[in-house]
Amino acid sequence: MSRLRASALGATWTLGTLSAVRRSAPGGERRWARTNYAGGEVSLLGGLALAAGAGAAAASVGGRPGVAGTLAAAAGGGFGALDDLVEDPAESSTKGLRGHLGALARGRVTTGGAKLLGISAASIVAAAIATRGGLRDASTRPMAVRALDVATSGALVAGTANLLNLLDLRPGRALKAAALAATPVALTNGPGAELAAGVVGSSLAALPTDLAETTMLGDTGANAVGAVLGTSLALTRSPWLRGAALAGVVALTLASERVSFSRVIARTPVLREADAWGRLERA
């Protein structure tokens with residue numbers, strides 16, 4: 001029942017926030033307008049609403065999982081909004097994880113680099129919160145093992161936030177991926193189940209306007225829901241499942257530096273059909 005409550009709360013907050021910000025957008029509605037892949041005008045307010053929904057659902061969970069999920073959502077949404085809204089002339093020539101890391105190595109902090117550092121730091125803190133208090137029997141393990149657990153769990157949170165953002169290149173794609181990945185976790189009895197249920201509810205609530213191409217997630221929404229999804233995965237008790245999830249996230253992130261996800265999806269019939277489901281038909 002608590003999972004249903006988290007899912008319903010995530011959906012309700014997402015829809016309610018979208019309705020509210022459409023009437024009175026922070027900074028004015030035009031500030032949130034962007035041109036999408038097809039040249040149409042869409043609103044980033046969908047991402048703001050999703051971040052609020054995912055964060056509210058996480059906050060309702062309570063305990064350490066709730067605190068960790070809320071922190072992850074706030075950091076993902078906040079630093080994502082910084083990247084979405086702050087103009088950075090240097091950003092046009094700095095793309096991808098490699099580009100932002102390269103800029104940081106040269107002493108230049110882009111908004112993307114600030115987002116990378118901010119979400120990474122918050123993810124480590126969220127992981128430290130989530131893995132204490134008996135969730136992993138932390139008190140019985142050596143300090144080095146606990147530190148490694150926090151580091152890898154933090155990498156999973158930050159990596160999932162980044163991966164969802166990389167998928168947000170076509171309407172509905174990132175939301176479908178988030179809901180699909182969160183559903184198996186939500187069906188378990190683990191400590192991350194309620195967080196995952198909140199991801200499912202908020203993602204499905206944001207899906208109609210995203211597919212209709214009136215809103216988009218942007219970094220604000222994709223990073224926020226991805227961070228909460230990553231936190232739910234990090235709370236999985238099995239180290240093998242956490243390791244497999246982290247390996248998958250890292251592999252896909254590295255692959256994105258060399259190949260286009262959109263091209264791979266377009267060439268794979270099953271992925272192409274799933275990706276196109278519910279999207280507007282174009283002449």
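The values are calculated or read from the model by the stated rules, or taken from the named source; none is laboratory data. Predicted model, so just to flag it, every value in this text is computed and none were measured. Every residue, glycine as well, gets a Cβ built from its backbone with ideal geometry; the counts of neighbours run over all protein chains shown.
Answer yes if at least one residue in segment 72-85 is among the acidic types (Asp, Glu) and either modelled with pLDDT under 85 or under 20 Å from Leu163 (Cα atoms) (or both), and no otherwise.
Yes, there is a match, as at least one residue in segment 72-85 is among the acidic types (Asp, Glu) and either modelled with pLDDT under 85 or under 20 Å from Leu163 (Cα atoms) (or both).
Could you count how many residues in segment 252-268 are within 15 Å of Asn162 (Cα to Cα), part of a helix (DSSP H, G or I) and either among the hydroxyl-bearing types (Ser, Thr, Tyr) or in contact (Cβ under 8 Å) with a residue 12 or more places away in the chain (or both)?
The qualifying residues number 4.
If a residue has to be outside any helix (DSSP H, G or I) and surrounded by 23 or more Cβ atoms within 10 Å (Cβ to Cβ) to count, how many in segment 169-190 make the cut?
2
Tell me which residues, restricted to segment 18-48, are surrounded by fewer than 17 Cβ atoms within 10 Å (Cβ to Cβ) and in contact with a strand residue (DSSP E or B) (Cβ under 8 Å, 6 or more places away or on another chain).
Glu29, Ala33, Arg34, Thr35, Asn36, Glu41 - these are the residues of segment 18-48 that are surrounded by fewer than 17 Cβ atoms within 10 Å (Cβ to Cβ) and in contact with a strand residue (DSSP E or B) (Cβ under 8 Å, 6 or more places away or on another chain).
Would you confirm whether any residue within segment 213-223 is among the polar types (S, T, N, Q), surrounded by fewer than 24 Cβ atoms within 10 Å (Cβ to Cβ) and not in a helix (DSSP H, G or I)?
Yes, segment 213-223 has at least one match.
Just to check your reading of the model, which residue among Leu167, Leu229 is touching a Lys or Arg at 6+ places or on another chain (Cβ under 6 Å) and closer than 25 Å to Leu45 by Cα?
Leu167
Inside segment 20-51, can you point out the residues that are within 23 Å of Thr70 (Cβ to Cβ), at pLDDT 85 or above and over 19 Å from the mean Cα position of the chain (by Cα)?
Answer for segment 20-51, where residues must be within 23 Å of Thr70 (Cβ to Cβ), at pLDDT 85 or above and over 19 Å from the mean Cα position of the chain (by Cα): Ala20, Val21.
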